[in-house]
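The values are calculated or read from the model by the stated rules, or taken from the named source; none is laboratory data. These figures come from a predicted structure and were not determined experimentally. No Cβ is skipped: glycine too gets one built from the backbone with ideal geometry, and neighbour counts run over all protein chains shown.
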Amino acid sequence: MIKILAVGDFHGKLSGKIISKIKGEKSDLILSPGDFCGNKRLGKLFFKYFYSRSEEETVPEKIQREYRQLEKKANFSGKSVIKKLKSLNIPVYAIRGNWDPAPFGHDLSFKLTKEDKKEIKNFEKIETKDFKFVDFRELEFDEFILIGGVSSTSPQRLRKDVINTMIKKRNMPKKEASEYVFRLKKDWNFRQKNYDIMFEKAIKLKKQTGKKIIFLTHNCPYNTKLDKIKHGPQKGKHYGSYQERLIIRKYQPDIVICGHMHENFGVDKIGKSIIYNTGSAMDGKFITLNV
């Protein structure tokens, strides 16, 4: 039996109070669904100027400069959070969230700039033998098998009418919508291929050893009580990952650990899979499990 503590969505902050609580749990291992980086101002600018914005629209240069500066500040804060976790002297296995520099993210088909690659390499230098990123990795422990997912994906489905949806709902020109859907399919297929390889290997191991499978991913699966928006104009809508939902339904991992949707701390199920939303460390939330 091993005691696992799962904590995520720090967004640049890890208070002494929650550090003390984590120490008090005396866990053997920490798993994190990511989002080490971030800050409030960066989030406000993202949702006001960049989120769901047509490529034809321009963001004021002043805002772009501020955004780039805040990103660097957020990345520095994220590394500070990780250093605090490492000071606990408990092995940590994590995936990178959508606010963290990562080679795998919302849009895998977008080409990374030199600056992006530099930030990713700098962020990865934080890794040590006791702190590992496990994005798209499958690891076997004495007590369980761990599958690492990736940064959050949306409720978007690969329906035949998805191009028309982009044109109508997001006012995208047809050419831009077609390019967007092309990237969406490429991203979907890339993730699917990796997930299939990892889960099929893990299921074979489970049959041989009897070990449970833990799926660690950033966003909650779509259409559960863990991904429902509770505030603002999108209140009542689900914003989890549709692809993750299909993966969970298909392979039925014993335990799923996720985050992203801060307000939905708690537990739900898809089939036999038990799903935990760790909530946000900013709010003092985390979960513990005995496996």
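May I ask you to say which residue of Phe182, Phe215 is of a type in the set (Phe, Trp, Tyr), part of a helix (DSSP H, G or I) and either closer than 30 Å to Lys23 by Cα or out of contact with any helix residue (DSSP H, G or I) (no Cβ under 7 Å at 6 or more places or on another chain) (or both)?
Numbers: Phe215 fails: part of a helix (DSSP H, G or I).
On inspection, the qualifying residue turns out to be Phe182.
Return a yes/no flag: does region 251-271 have any residue that is among the hydroxyl-bearing types (Ser, Thr, Tyr) and in a loop (DSSP other than H, G, I, E, B).
no
Pairs under 7 Å by beta carbon, first residue without any contact (Cβ under 8 Å) to a residue 60 or more places away in the chain in region 148-169, partner in a loop (DSSP other than H, G, I, E, B) and exposed (fewer than 15 other Cβ atoms within 10 Å of the Cβ), six or more apart or different chains?
Qualifying pairs under 7 Å: none.
Quick one: is Gly34 in contact with a Ser or Thr (Cβ under 8 Å, 6 or more places away or on another chain), in a loop (DSSP other than H, G, I, E, B) and at pLDDT below 90?
Details: in contact with a Ser or Thr (Cβ under 8 Å, 6 or more places away or on another chain): yes; in a loop (DSSP other than H, G, I, E, B): yes; at pLDDT below 90: no.
So Gly34 does not fit the description; no.
Can you tell me which residue within region 272-291, out of those that are among the small types (Gly, Ala, Ser) and assigned to a loop (DSSP other than H, G, I, E, B), is nearest to Ile18 (Cα to Cα)? Give the derivation first.
Taking region 272-291 first, the residues among the small types (Gly, Ala, Ser) are 273, 279-281, 284.
So of that shortlist, the ones also assigned to a loop (DSSP other than H, G, I, E, B) come out as 279-280, 284.
Working: Gly279: 13, Ser280: 11, Gly284: 6 Å.
Filtering region 272-291 for residues that are among the small types (Gly, Ala, Ser) and assigned to a loop (DSSP other than H, G, I, E, B), the one nearest to Ile18 (Cα to Cα) comes out as Gly284.
Residues checked against (1) within 28 Å of Gly149 (Cβ to Cβ); (2) among the aromatic types (Phe, Trp, Tyr):
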{"residue": "Met1", "(1), (2)": "yes, no"}
{"residue": "Ile4", "(1), (2)": "yes, no"}
{"residue": "His11", "(1), (2)": "yes, no"}
{"residue": "Ser15", "(1), (2)": "yes, no"}
{"residue": "Lys26", "(1), (2)": "yes, no"}
{"residue": "Pro33", "(1), (2)": "yes, no"}
{"residue": "Asn39", "(1), (2)": "yes, no"}
{"residue": "Phe46", "(1), (2)": "yes, yes"}
{"residue": "Pro60", "(1), (2)": "no, no"}
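Among the residues in region 121-128, are any surrounded by 15 or more Cβ atoms within 10 Å (Cβ to Cβ), more than 29 Å from Asp227 (Cα to Cα), hydrophobic (A, V, I, L, M, F, W, C) and without any contact (Cβ under 8 Å) to a residue 60 or more places away in the chain?
Our first condition is that a residue be surrounded by 15 or more Cβ atoms within 10 Å (Cβ to Cβ); within region 121-128, this holds for 123, 126.
Filter once more, so that each one left must be more than 29 Å from Asp227 (Cα to Cα): 126.
Going one step further and asking which of them are hydrophobic (A, V, I, L, M, F, W, C), we end up with 126.
Subset that is without any contact (Cβ under 8 Å) to a residue 60 or more places away in the chain: 126.
Yes, region 121-128 contains at least one residue that is surrounded by 15 or more Cβ atoms within 10 Å (Cβ to Cβ), more than 29 Å from Asp227 (Cα to Cα), hydrophobic (A, V, I, L, M, F, W, C) and without any contact (Cβ under 8 Å) to a residue 60 or more places away in the chain.
Can you spot a residue in region 214-221 that is in contact (Cβ under 8 Å) with a residue 12 or more places away in the chain and over 14 Å from Tyr276 (Cβ atoms)? Working first, answer last.
Initially, region 214-221 is screened for residues in contact (Cβ under 8 Å) with a residue 12 or more places away in the chain, giving 214-221.
Keeping just the survivors that are over 14 Å from Tyr276 (Cβ atoms) gives none.
No, because not a single residue in region 214-221 is in contact (Cβ under 8 Å) with a residue 12 or more places away in the chain and over 14 Å from Tyr276 (Cβ atoms).
Mind checking which residues of region 81-120 are assigned to a helix (DSSP H, G or I), surrounded by fewer than 19 Cβ atoms within 10 Å (Cβ to Cβ) and at pLDDT 90 or above?
Lys83, Lys84, Lys86
Look through region 16-39, keep the residues that are touching a residue at least 24 places away in the same chain (Cβ under 8 Å) and either over 20 Å from Ile82 (Cβ atoms) or basic (Lys, Arg) (or both), and return whichever of them is surrounded by the most Cβ atoms within 10 Å (Cβ to Cβ).
Among those residues, the one meeting the criterion is Lys21.
Table: residues versus (1) within 23 Å of Asp187 (Cβ to Cβ); (2) crowded, with 24+ Cβ neighbours inside 10 Å; (3) of a type outside the set (Phe, Trp, Tyr); (4) at pLDDT 95 or above.
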site: Lys211; (1), (2), (3), (4): no, no, yes, yes
site: Leu216; (1), (2), (3), (4): yes, yes, yes, yes
site: Gly232; (1), (2), (3), (4): no, no, yes, no
site: Gln252; (1), (2), (3), (4): no, no, yes, yes
site: His262; (1), (2), (3), (4): no, no, yes, no
site: Asn290; (1), (2), (3), (4): no, no, yes, yes
